[in-house]
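A short worksheet on the structure shown next.
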Amino acid sequence: MKEKKRKHQSSGWQPAQYDKILKENIEAVISSIMQNVLEITAVSMEELPDDIQHTKERKPDVLKKVTDTKNDTFVLQIEFQVKNETEMVYRMLEYYGMLERKYKIPVKQFVIFLGTDTPTMPTKLDRERLKFSFPLVSLSTLDYHIFLNSDKPEEIILGILANFQGENPENALKQILVRIKETTKGDFSLNRYFNQLRVLAQLRNLELNLKNAMDSIAEYIKEERDVLFLRGLDKGEAKAEERIVRNLLSKMSLTFEQIADIAGTTVDFVKSVHQQLIGK
């Protein structure tokens, strides 16, 4: 991502956490993003090396060789952007030249904007001997049901960055939380996706709304977990999660928040394990 060195205004928000979410989830959601956001239907797709330039800051977020339903083959490049960047058009032009030179097939570029405000970055260059442009898609203009109706939790969490279509934010977030629960197997994975949702909520200033939504469905989630444990399911994942947290608490000087992030669990769970340790 391109805002790694720039601090976000919301307290506690870490760009590295946001980058981590994208890297963990992009392969699971890229096909759907192409279909539903970029209107590209692929019949085949292969990963391309992203070292088109020797500097790290010039590695694309997504780089694929795609063949679509029209039998057209092209290089697909996608960049995710949190802030408006006035130099973006020049960066995309640089990418275009390098990709065209390296692969010698058509290049399709997209910038997906994840911020709350309306993107104002220039998307075109019109010079005497050069005309260049790239499509700019803002997730905040898309219907959140596009993501809500997915069967992949990695995609469902993106609904928090989309348009709630006039729906009360807490109601929309409840729907997202329930869908994540319905499509996730195991407590360990569920906690990871809920933590990712907490990070993304900060991009929309929805932290309080999300907390209220999670509190309102806490009993539902707790009941589901109790049933699973009574049936003896997911015990391996639960024990593994607790073992990781115990080791981190015992051997490293980290905050509860840092341990929760590393273990992919909640701060409340870390605190409960800590209470068990000190209670011995």
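The values are calculated or read from the model by the stated rules, or taken from the named source; none is laboratory data. Remember, predicted model here, so these are calculated numbers, not experimental data. Note that we place each Cβ from the backbone using ideal geometry, even for glycine, and neighbour counts take in every protein chain shown.
Residues of region 142-185 being in the same structural domain as residue 217 (by TED's automatic domain parsing) and among the β-branched types (Val, Ile, Thr), which ones?
Hits for region 142-185 are 176, 178, 180, 183, 184.
Having 1 or more residues that are farther than 29 Å from residue 263 by Cβ is the bar; report the helices (runs of 4 or more DSSP H) wholly within region 131-211 that clear it.
145-148, 169-183
Are there any pairs with C-beta distances below 6 angstrom linking a residue in region 139-154 that is closer than 17 Å to residue 200 by Cα to a residue that is in a helix (DSSP H, G or I) and among the acidic types (Asp, Glu), with the two at least 6 apart or on different chains, and if so which?
Hits for this filter: 147/155.
Step by step: first the residues of region 224-280, then only those that are at pLDDT 80 or above and charged (D, E, K, R), then the one that is surrounded by the most Cβ atoms within 10 Å (Cβ to Cβ). Which residue is that?
Only one residue tops the list, namely 246.
If you check residue 200 against the conditions, is it at pLDDT below 85 and in the same structural domain as residue 175 (by TED's automatic domain parsing)?
No.
Does region 128-137 contain any residue that is out of contact with any Ser or Thr (no Cβ under 8 Å at 6 or more places or on another chain), surrounded by 13 or more Cβ atoms within 10 Å (Cβ to Cβ) and outside the structural domain of residue 203 (by TED's automatic domain parsing)?
Checking region 128-137: at least one residue is out of contact with any Ser or Thr (no Cβ under 8 Å at 6 or more places or on another chain), surrounded by 13 or more Cβ atoms within 10 Å (Cβ to Cβ) and outside the structural domain of residue 203 (by TED's automatic domain parsing).
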